[in-house]
Amino acid sequence: MFIKEVFQPKLFSSMKNYSKAQLAKDIVAGIIVAIIALPLSIALAIASGVGPEQGLYTAIIAGFVISFLGGSRVQIAGPTAAFASIVGGIVAVQGFDGLVLATIMAGIILIIMGFLKLGSLIRFIPYTITTGFTTGIAITIIIGQIKDFFGLTFANSPLETFDKVKEIVNCFHTINLQALAIGALALLILIVTPKFLKKIPASLIAVIVCSVVVKLAHLNVNTIGDLYTISSAPPMPHMPVFSFDMARAVIPDAFTIAVLAAIESLLSCVVADGMVGSTHNSNTELIAQGTGNIFSALFGGIPATGAIARTAANIKNGGRTPVAGMVHAVVLLIVLVVLMPYAALIPMPAIAAILFVVAYNMSEWRQFVSLLKTAPKSDIIVLVVTFVLTVVFDLVVAICVGFVLATILFMKRMAEVTNVHGWKYGIDENDPESINRKQVPDGTLVYEITGPMFFGAADKLARVIQTAKTNGVVIIRMRTVPAVDATAIHSLETILRSCRRRKITLLLSHVNEQPMSVFKKSHLYEKIGEQNFCSNIDDALKRAAEILEK
């Protein structure tokens, strides 16, 4: 029952009312999406430091599995730009086997996340972090493609982004004007043709036109075939060379891949829901993403996730069930086996131009600039730090530091929201609960806590009884305290011990459900005494009067 509750692939529910008309629409949508995915998959694989066919392996295997098992009716999965920099880093340091192992581990993490029903928790990742690393990834992709776009000849093979910038500057005198012309032509086609040709992908037109020009004009321009050995073999199982040392080394990368896959796929699902008026199952989608990534790695592919642009294209062309995504994968398999040798003719500047456009579209630069202008300073700090670390170091460092920084700043804001004050500071003639409307017995101090009682605000509690009189009563009013944590419990226990030393009675008024539950579990309820928990402030003041009369 638990598995059935968490794992509900949309394919099976879609088949209940499936029709021939919808099948025709799904087939057409799948073919069009495959045409769009073909040059993108090749370009993203090259940007990731692997062979061009491995991008197609990813779109075929992961695309089919994720559509078959996924929690969205229309999601299209495959390689995306978000993974390019991290995949390239893993391959450069750990080799392809290290990437396979990291991807499999990421898949396992995603499956666990799905079964633990963590799909809804992705929304708690701050927008500033996702915007920061997305813009940072876009910059790293653009810098990484400058070499091929200008046809530069590097003296070294730098891995880090800053080293690539230095190499570009040092080697810019080796510019190949023919390569630049082909890159500019491809860029022009990518920018202009979508305004006139809505149905044919601009990237496909760009690679065909540029390939023909380079071939017929015999231009001195590097092509994919000059740099890579093209294989048209279908994806076959590939078992990585496993070692505990390698597993330990790629654990951070595996978590980064898992988090990125979860964020991007679920964001894509949300966008798709708005376009078709449906609702995705986030936990099922995470399980499908995990399974798809495991199979992709085992069949020679790279990490995959939901692709927003391809998903949108699927919807616009009539795809409404997972069948369209499965058709897209089958069409790409046919293209791989039959037409892949022709990919050797694609010029590298054209690939660079495609990646420039991909980076621009994913960069979210408008949102980035808007946040810099309008967001609070703390959010701007998180945004800029995440962006800079993504460009200067890598995504693992950026996400970890960004998330820790965002958490610390959030706790600081929450601590500022939580206040402990005596009633003498809270007089309000319009508030029926105000002190001037109550009879407070002599020797009684009333303190009100507003906001959550957690470790960030625990020091404020310690000051509660400093002005209390010996043999007096302290009332802590908690009507606006939604939650407490272990540190707050410890602070209250410290206050209780101090009260007993000075023969002060501690009363708690209007304790809400969560704090009361924690008090009972921690035995603080018994230590304070059931009779000293009052349902409201009137009962607490009455109880204080009784104590002081004794």
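Computed from the coordinates by the stated procedures, all read-outs in this text should not be read as laboratory data. What you see is a predicted model; the values in this text were computed from it and never measured. As a convention, Cβ positions derive from the backbone with ideal geometry for all residues, glycine included, and neighbour counts pool all protein chains shown.
Quick notes on this structure:
- Extension gain for the segment LYS542 to VAL192, taken as residue separation times 0.36 nm less the Cα-Cα distance, is 118.1 nm to one decimal.
- For the chain, the alpha carbon convex hull comes to 205 Å³ per residue, rounded to a whole number.
- Put in order of Cβ neighbour count within 10 Å, fewest first, the listed residues HIS280, HIS523, HIS238, HIS218 become HIS218, HIS523, HIS238, HIS280.
- On Cα atoms only, tilt of 348-362 relative to the major axis of the chain in degrees: 20 degrees
- When the chain is described by a simple charge dipole with +1 on each Lys and Arg Cβ and -1 on each Asp and Glu Cβ, the residue from ALA47, HIS173, GLY472 located farthest towards its positive end is GLY472.
- Cβ-derived FRET efficiency at R0 45 Å, VAL384 paired with GLU493, nearest 0.05: 0.60
- Label zone of PHE172 (point 7 Å out along Cα→Cβ, amide N under 20 Å): in region 119-153 this covers 139-153.
- FRET efficiency, 1/(1 + (r/R0)^6) with R0 51 Å, evaluated for SER517 and HIS238 via beta carbons: 0.50
- Amide H contacts of VAL446 (H built 1.01 Å from N, under 5 Å, at least 5 apart or other chain): TRP423, ILE475
- Separation of alpha-carbon centers, region 107-172 and region 241-306, rounded to whole Å: 16 Å
- Set LYS20/LYS195; LYS412/LYS527; LYS25/LYS198; LYS503/LYS542; LYS25/LYS195; LYS20/LYS199 screened for pairs whose C-alpha atoms are more than 27 Å apart: LYS20/LYS195; LYS412/LYS527
- Linear extension gain, GLU549 paired with THR374, 0.36 nm per residue minus alpha-carbon span: 57.2 nm
- Principal-axis tilt of helix 52-69 within the chain, Cα atoms, nearest 10 degrees: 50 degrees
- Structure-based [θ]222 nm, the chain - -39500 (n - 2.57) summed over DSSP H runs of at least 4, per residue, nearest 500: -20500 deg cm²/dmol
- Ranking of LYS527, LYS195 by neighbouring Cβ atoms within 10 Å, starting from the fewest: LYS195, LYS527.
- Each of ASP26, ASP163, ASP394 was scored by other Cβ atoms within 10 Å of its Cβ. Listed from fewest to most, they are ASP163, ASP394, ASP26.
- Radius of gyration and maximum dimension Dmax of region 309-352, Cα, Å: 13.7, 36
- Relative contact order, whole percent, for the chain stands at 23, derived from Cα pairs under 8 Å and 6 or more residues apart.
- Length released on extending from ASP442 to ILE112, taking residue separation times 0.36 nm less the Cα-Cα span: 112.9 nm
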